[in-house]
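The values are calculated or read from the model by the stated rules, or taken from the named source; none is laboratory data. None of the values given here were measured: they were computed from a predicted structure. Every residue, glycine as well, gets a Cβ built from its backbone with ideal geometry; the counts of neighbours run over all protein chains shown.
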Amino acid sequence: MTEKMFKKISPLIAHLAWCCYQMGQKQPFNVVPKAWQTKSLNDAAAYFWENPKVTPRKMHSNWMQFKLKEGWTYGKTKNPKTKKHPCIAAWDSLPAEERNKDVQHIMAQRVAMVIAYLVTSKINSEKAGVLAK
């Protein structure tokens with residue numbers, strides 16, 4: 001598995017983890033990511049690859065910057081048609097269940113990286129080692 005393959009697979013693993021989290025929170029989810037979700041997931045995977053020790057706060061900041069560049073703004077209810085999202089807000093103002101999504105996203109990316117490392121030795125062991133910390 002190469003870096004390119006990791007960047008294709010890890011967004012899907014992260015989306016699957018998100019679906020599981022949404023089920024646990026009794027929140028709606030879609031099993032197959034929509035196009036607007038895929039772009040965001042791909043950006044997150046690329047960002048994580050370059051920053052495997054990223055904090056949930058910084059991961060949220062990167063996600064928010066990506067959304068803002070895509071034309072999204074704050075809205076009380078998420079609506080992909082109007083590009084409104086309630087999480088386009090400062091980390092400290094997010095409810096715990098929303099902050100936990102950033103935590104689980106990082107965990108899913110780390111799992112994807114470890115799987116990639118186990119499949120091939122071409123991936124930097126320092127990056128794969130972040131799971132142990």
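Numbers at a glance
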item	result
Selected residue (only one of Ala90, Ala46 is aliphatic (A, V, I, L, M) and surrounded by 15 or more Cβ atoms within 10 Å (Cβ to Cβ))	Ala46
Any hit, the stretch 65-78, residues being within 16 Å of the chain's Cα centre (by Cα), of a type outside the set (Val, Ile, Thr), over 19 Å from His15 (Cβ atoms) and modelled with pLDDT under 95	no
Filter result (of a type in the set (A, V, I, L, M), touching a helix residue (DSSP H, G or I) at 6+ places or on another chain (Cβ under 8 Å) and modelled with pLDDT of 90 or more) within the stretch 31-64	Val54, Met59
Residue check, Pro11 modelled with pLDDT of 75 or more, touching a Gly at 6+ places or on another chain (Cβ under 9 Å) and farther than 19 Å from Lys83 by Cα	no
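Residues checked against (1) in contact (Cβ under 8 Å) with a residue 12 or more places away in the chain; (2) aliphatic (A, V, I, L, M); (3) in a loop (DSSP other than H, G, I, E, B):
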position	(1), (2), (3)
Pro33	yes, no, yes
Trp36	yes, no, no
Lys39	yes, no, no
Ala44	yes, yes, no
Phe48	yes, no, no
Arg57	yes, no, no
His60	yes, no, no
Gln65	no, no, no
Lys76	no, no, yes
